[in-house]
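Shown below is the structure under consideration.
Readers should treat all values here as calculations from the given coordinates under stated rules, not as data from a laboratory. Quick caveat: nothing in here was measured; it's all calculated off a predicted structure. Please note: Cβ atoms are built from the backbone with ideal geometry, for glycine as well, and neighbour counts cover all protein chains shown.
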Amino acid sequence: MKDKRVLVKTLSLVGLISIMLIIVALFFPTWTPKVKGDNSISTLEQVNLNGTGHEIMIRGQDRGHPVVIFVHGGPGSSELTYADAYQSGLEDQFTVVNYDQRGTGKSYHFLEDYSNLSSSVLVEDLLALTDYVSDRLEQEKVILVGHSYGTYIAMQAAAKEPEKFEAYVGIGQMSDVVKSEVESWNFAMKEAKAAGDQEVVEALQDVKMPVYSGETVTPRRSIMKYGGATRKIENPDKNLVGKMWSSEYNLMDVIRYLRGISISQEALLPEVFEHPLPSIVTNLDVPVYFIMGDYDYQTSSAAAKDYFDTIKAKEKGFVRFEESAHYPQIEEKETFEAWMEDTFAQ
């Protein structure tokens with residue numbers, strides 16, 4: 001009887017401790033590590049843009065340096081928690097801004113109505129963010145960098161109000177989505193057959209017609225399995241544990257992230273098929289650079305090059321990263337940093 005009471009007390013204590021730990025994890029304060037320098041900036045804050053709170057992270061050794069705004073992909077895939085994987089070196093020469101888009105991660109609000117979420121709304125948010133950052137850092141123009149789906153938003157913003165931007169840089173640039181997805185499907189099928197992976201072959205056969213007709217995307221699991229997403233790193237967008245253990249996110253933010261990515265993709269993905277970028281943006285009044293990994297089959301490098309060749313711009317550059325897939329800014333971090341500094345640093 002005594003042993004039973006001890007067991008009950010022990011289990012109750014374990015349960016209480018577990019509940020306390022979950023509560024702490026849910027609401028643990030978040031921050032971004034300090035950047036050294038007399039004129040440095042390192043802030044993680046919620047800012048109201050166009051009527052809703054946006055989480056913004058600004059980091060740099062000298063706030064007088066050129067400003068870079070990174071626009072994350074997804075839709076709904078925040079990069080706040082792994083931004084240091086590609087920007088720690090950039091912070092010596094640039095002031096770097098990352099943010100969670102409306103409905104994403106720390107910018108997702110449980111009681112908010114996202115029924116009207118669209119790319120045009122995100123474009124307006126980005127333009128408002130640009131004004132906020134330019135005023136705060138006393139910069140006339142900023143360098144705009146989009147990654148993956150972020151290129152769909154950033155490129156439209158640069159086309160709409162080019163006077164705000166020094167240049168546009170597209171990493172994992174979106175283009176003709178159907179053409180890109182067909183290339184992705186062919187890549188995954190070729191690799192699956194070479195590996196003798198009959199299960200993947202059959203799964204790809206099941207979606208061939210929807211992919212070729214522009215109704216769906218090639219399953220990302222198949223692309224990732226054969227190195228069409230990442231080659232030299234683990235996929236950072238799949239690391240939920242890493243997000244929770246970062247200083248920028250707590251458990252509640254991870255829950256926001258999971259809820260937000262579901263809503264964002266359901267609302268925003270149909271647009272990229274209905275209105276692909278080549279039908280929206282054909283001319284940019286700023287320098288345009290595409291940064292593409294040779295092994296990128298999430299946003300096909302070949303399809304991006306076809307799009308690049310049609311764009312009219314003040315200056316253009318198509319930069320190949322020969323060892324990378326969809327994340328060249330991380331997979332070849334030093335090369336990316338050197339290119340940014342050579343191209344933009346004062």
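To the nearest 20 debye, what is the magnitude of the charge dipole of the chain about its Cα centre, counting +1 on the Cβ of each Lys and Arg and -1 on the Cβ of each Asp and Glu?
In total the dipole reaches around 1400 debye.
Can you tell me the order of 208-214, 55-61, 67-73 when each peptide is scored by its average per-residue count of other Cβ atoms within 10 angstrom, highest first?
Ranked by mean Cβ neighbours within 10 Å, highest first: 67-73, 55-61, 208-214.
Another question about this same structure. What does the charge count near SER120 come to, summing +1 for each Lys or Arg and -1 for each Asp or Glu among other residues with Cβ under 15 Å from its Cβ?
Charge balance in the 15 Å sphere: -3.
May I pose another question? When PHE318, PHE94 are ordered from fewest to most other Cβ atoms inside 10 Å of their Cβ, what list results? It would help to have the intermediate numbers written out before the result.
On the way: PHE318 16, PHE94 25.
With the fewest neighbours first, PHE318, PHE94 line up as PHE318, PHE94.
Alpha carbons only, please: Rg and Dmax for the chain, in angstrom.
21.6, 84
Is the C-alpha gyration tensor of the stretch 78-213 telling us rounded, prolate or oblate? Criteria: a/c under 1.5 is rounded; beyond that, a/b larger than b/c is prolate, otherwise oblate.
prolate
For LYS106, which aspartates and glutamates qualify as cross-link partners when the Cα separation must be under 16 Å and same-chain residues fewer than eight apart are set aside?
GLU45, GLU55, GLU79, ASP125, ASP237, GLU248, ASP253
OK, next. Can you show me the helix-derived [θ] at 222 nm for the chain, built from DSSP H runs with n ≥ 4 at -39,500 (n - 2.57) apiece and divided by the number of residues, rounded to the nearest 500.
The per-residue figure over the chain is -14500 deg cm²/dmol.
Could you check which residue among TYR249, TYR307, TYR257 shows the biggest mean-square fluctuation in a GNM of the chain with a 10 Å Cα cutoff?
TYR307
Still on this structure: Sorted from largest down, what three extents in whole angstroms do the Cα atoms of the stretch 191-279 have along their principal axes?
Per principal axis, max minus min of the Cα coordinates gives 42, 35, 23 Å.
Only helices at least 30 Å long along their own axis, judged from Cα atoms, and with Kyte-Doolittle mean hydropathy of -0.5 or greater: name those in the chain from DSSP H. Numbers along the way, then the final one.
Values: long enough: 2-27 (38 Å, 1.60); 251-274 (35 Å, 0.51).
Taking the DSSP H segments of the chain (at least 30 Å long, mean hydropathy at least -0.5), we get 2-27, 251-274.
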